[in-house]
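A short worksheet on the structure shown next.
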Amino acid sequence: MNLKKGKKILFLTVLGSVMIVGSGAFAGTTWSNEESKLLPGFNGSAYSSTQTKAQIGQAGLRMNATEGYEIDVRTEGTGQNGVNGSWTRNVKGGNTYSLSAPQQVGDQLRLHFSSNLLTFTSTNIVYQWRSN
């Protein structure tokens with residue numbers, strides 16, 4: 001392998017690494033694409049996509065729709081620490097919420113949605129979120 005080709009491969013490897021690391025940190029500070037989940041009734045659970053926490057602070061939730069039902073939500077650490085935020089109660093569509101996010105920078109987290117015990121039907125929830 002000649003020296004010019006070796007430098008090119010090294011440059012592309014470093015550039016790729018920077019892009020991957022940068023995109024992981026960036027994901028937590030911007031709103032996710034709109035997500036939709038079916039939340040089962042009777043205290044059922046559903047989970048959002050996973051994001052990497054990029055900075056200290058609360059998570060954000062834009063709850064677009066809950067079909068008129070009130071639900072509960074919290075952040076949930078998915079890594080080795082498994083630290084969870086406190087529950088935010090009575091969440092409804094059409095509102096934006098700040099959620100407790102005690103996880104550390106670099107931790108993987110997701111949102112845990114829960115229906116109320118007396119919600120008898122499944123609920124379609126539509127939202128966007130960011131880890132901080």
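For residue 81, indicate whether it is at pLDDT below 95, in contact with a strand residue (DSSP E or B) (Cβ under 8 Å, 6 or more places away or on another chain) and either farther than 16 Å from residue 36 by Cα or surrounded by fewer than 17 Cβ atoms within 10 Å (Cβ to Cβ) (or both).
no
Here is a yes/no grid of residues against (1) under 14 Å from residue 38 (Cα atoms); (2) at pLDDT below 95; (3) of a type outside the set (S, T, N, Q):
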residue	(1), (2), (3)
65	yes, no, yes
91	no, no, yes
94	no, no, yes
101	no, no, yes
104	no, yes, no
121	yes, no, no
125	yes, no, yes
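How about region 94-104: which of its residues are touching a Gly at 6+ places or on another chain (Cβ under 9 Å), surrounded by fewer than 18 Cβ atoms within 10 Å (Cβ to Cβ) and part of a loop (DSSP other than H, G, I, E, B)?
Listed by number, the residues that qualify are 100, 102, 104.
What number of residues in region 50-71 are assigned to a loop (DSSP other than H, G, I, E, B) and surrounded by 12 or more Cβ atoms within 10 Å (Cβ to Cβ)?
Of the residues in that region, 9 qualify.
So residue 110 ticks every box in (1) under 21 Å from residue 28 (Cα atoms); (2) not in a strand (DSSP E or B) but one. Which box is left unticked?
(2)
Which pairs do you get when a residue that is touching a residue at least 12 places away in the same chain (Cβ under 8 Å), found in region 50-62, comes within reach of a residue that is of a type in the set (Lys, Arg) and assigned to a strand (DSSP E or B), reach meaning Cβ atoms under 6 angstrom, with the pair 6+ apart or on two chains?
Going by the 6 Å Cβ cut-off, the qualifying pairs are 50/110; 60/130.
Return the only residue of 83, 105 being free of Cβ contacts under 8 Å to residues at least 40 places away in the same chain, aliphatic (A, V, I, L, M) and on the phi < 0 side of the Ramachandran plot.
After applying the criteria, what remains is 83.
The values are calculated or read from the model by the stated rules, or taken from the named source; none is laboratory data. Keep in mind that this is a model prediction, so the values were computed, not measured. FYI the Cβ positions are ideal-geometry reconstructions off the backbone, even for glycines, and counts take in every protein chain you see.
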